[in-house]
1. Any residue at all in the stretch 319-331 that is more than 30 Å from LEU148 (Cα to Cα), modelled with pLDDT under 95, open to solvent by less than 40 Å² (accessible area, probe 1.4 Å) and not aromatic (Phe, Trp, Tyr)?
2. Could you tell me how many of the residues in the stretch 149-183 are surrounded by 24 or more Cβ atoms within 10 Å (Cβ to Cβ) and charged (D, E, K, R)?
3. Examine the stretch 244-260 for a residue that is in contact with a Gly (Cβ under 8 Å, 6 or more places away or on another chain) and of a type outside the set (D, E, K, R), and state whether such a residue exists.
4. For the stretch 280-293, name all the residues that are farther than 20 Å from ILE45 by Cβ and open to solvent by less than 60 Å² (accessible area, probe 1.4 Å).
5. Check the stretch 248-261 and report whether any residue there is under 22 Å from the mean Cα position of the chain (by Cα), within 20 Å of GLY133 (Cβ to Cβ) and open to solvent by 30 Å² or more (accessible area, probe 1.4 Å).
6. Say we look at the stretch 29-60 and pick out the residues that are at pLDDT 70 or above and among the charged types (D, E, K, R); which of these is least open to solvent (accessible area, probe 1.4 Å)?
7. Restricting attention to the stretch 186-213, and to residues there that are under 24 Å from the mean Cα position of the chain (by Cα) and of a type in the set (D, E, K, R), which single residue is modelled with the lowest pLDDT?
8. It is to be established whether one or more residues within the stretch 216-224 are at pLDDT 90 or above and open to solvent by 40 Å² or more (accessible area, probe 1.4 Å).
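The values are calculated or read from the model by the stated rules, or taken from the named source; none is laboratory data. Bear in mind the structure is a predicted one, so any value in this text is a computation, not a measurement. So basically every Cβ, Gly included, is an ideal-geometry build from the backbone, and we count neighbours across all protein chains shown. Please note that ligands, DNA and RNA were not included when accessible areas were found on the heavy atoms of the full protein model with its side chains. Shrake-Rupley method; radii C 1.70, N 1.55, O 1.52, S 1.80 Å.
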Amino acid sequence: MNRALPSVLLTTLRSGLPSALLSAALLVLPATHAWAESAWPDKPITLIVPFPAGGGTDLVVRTLQPALTRQLQQTVIIQNAGGAGGTVGSGQAARAKPDGYTALAVTTSTTALSASLYKNLPYRPEKDFDYIGFIGTSPYVLAAQPALKASTLPALVDALTARRSGTYASVGAGTVSHLLGEMFKKDKQLDLTHVPYRGAAPAYTDLIGGQVDIMFDNPVGLAPFVQSGKLIAVATTQPTPILPNVPTFAAQGMPTYTQSLWYGLAFPKGTPPAIVQKMNLALNTVLRDPAIAADLAAKGVDVRPDTAEALSRTVSHDLAFWGELITTTGVQFD
């Protein structure tokens, strides 16, 4: 184990303690480290959600929080740290001490997209995290403000074309929400201005109020407003039971819009493997609870209990997939 020696042992070395006693002291170090891993968690765990409260990622994580607390027999504290499409909070987590007491909610946006969109990203998705496992996956819904009165893709395109110029909101620059909006704009040759928000909640407010025209996001956040008539769900990338009457993009002539978002958890790089394994076991146990699975399904999320390695492989795959797509659209940020 390649770790710096505690200062007390360095002092001992300089003071000339007999070698037998020094050797005995050094032997204690691995045992002490192993004990710390076996005792984990013995204090509250901070779970950083890199988006504001009230958005899709926040709602998904808060669904798990009480059950994770019970499973770990230790308090899990959610800390919202939104900004820059989730990269601010993700960077904060990447710099945290890798002791198992700071975890991060990760998504397709904060890993695969951010690495290709931001030149000065404060973390490296493939190198700065030890991935714990998936939470689940969710499709994307294209929602429109009610004044457009468009419930199908052709009607929406006609309404936006008639306005000559319009706007599309996103949950932050550099997110899947943003990239899908840019793809839709180019595919339909629409004059739309991107309006990024610091998370979903403020974007919903302006979409409902008509300050922006359309938005791509997950059903977990949009569904309540669609069901209450405050927003119109025009299309979804995959069928979802939470919005059963909303047709897919493919059914409306846009077969390339099949993307979904995954949610997962990660630790800072260097977290002891035994702790990562314990957290993976706790997470998967929670996800296999029928009540939790049903709750998330009602929010439009399909649970996905899996290994840490499976999430790591997905991150690597998605970095290549979304990187190529971003190159095609030409979207990039400083």
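1. Step one: of the stretch 319-331, the residues more than 30 Å from LEU148 (Cα to Cα) are 319-324, 327.
Going one step further and asking which of them are modelled with pLDDT under 95, we end up with 319-324, 327.
If we keep only those that are open to solvent by less than 40 Å² (accessible area, probe 1.4 Å) as well, we get 319, 322-323.
Now drop any that are not not aromatic (Phe, Trp, Tyr), which leaves 319, 323.
Yes: one or more hits.
2. Residues flagged as surrounded by 24 or more Cβ atoms within 10 Å (Cβ to Cβ) and charged (D, E, K, R) within the stretch 149-183 amount to 0.
3. Of the stretch 244-260, the ones in contact with a Gly (Cβ under 8 Å, 6 or more places away or on another chain) are none.
No, every residue in the stretch 244-260 fails to be in contact with a Gly (Cβ under 8 Å, 6 or more places away or on another chain) and of a type outside the set (D, E, K, R).
4. Result: ALA293, single match.
5. Restricting attention to the stretch 248-261, the residues satisfying the condition of being under 22 Å from the mean Cα position of the chain (by Cα) are 257-261.
Still in the running and within 20 Å of GLY133 (Cβ to Cβ): 260-261.
From the residues that got through so far, the ones that are open to solvent by 30 Å² or more (accessible area, probe 1.4 Å) too are 260.
So far as the stretch 248-261 goes, yes, one or more of its residues are under 22 Å from the mean Cα position of the chain (by Cα), within 20 Å of GLY133 (Cβ to Cβ) and open to solvent by 30 Å² or more (accessible area, probe 1.4 Å).
6. Among them, the one singled out is ASP58.
7. ARG198
8. Checking the stretch 216-224: at least one residue is at pLDDT 90 or above and open to solvent by 40 Å² or more (accessible area, probe 1.4 Å).
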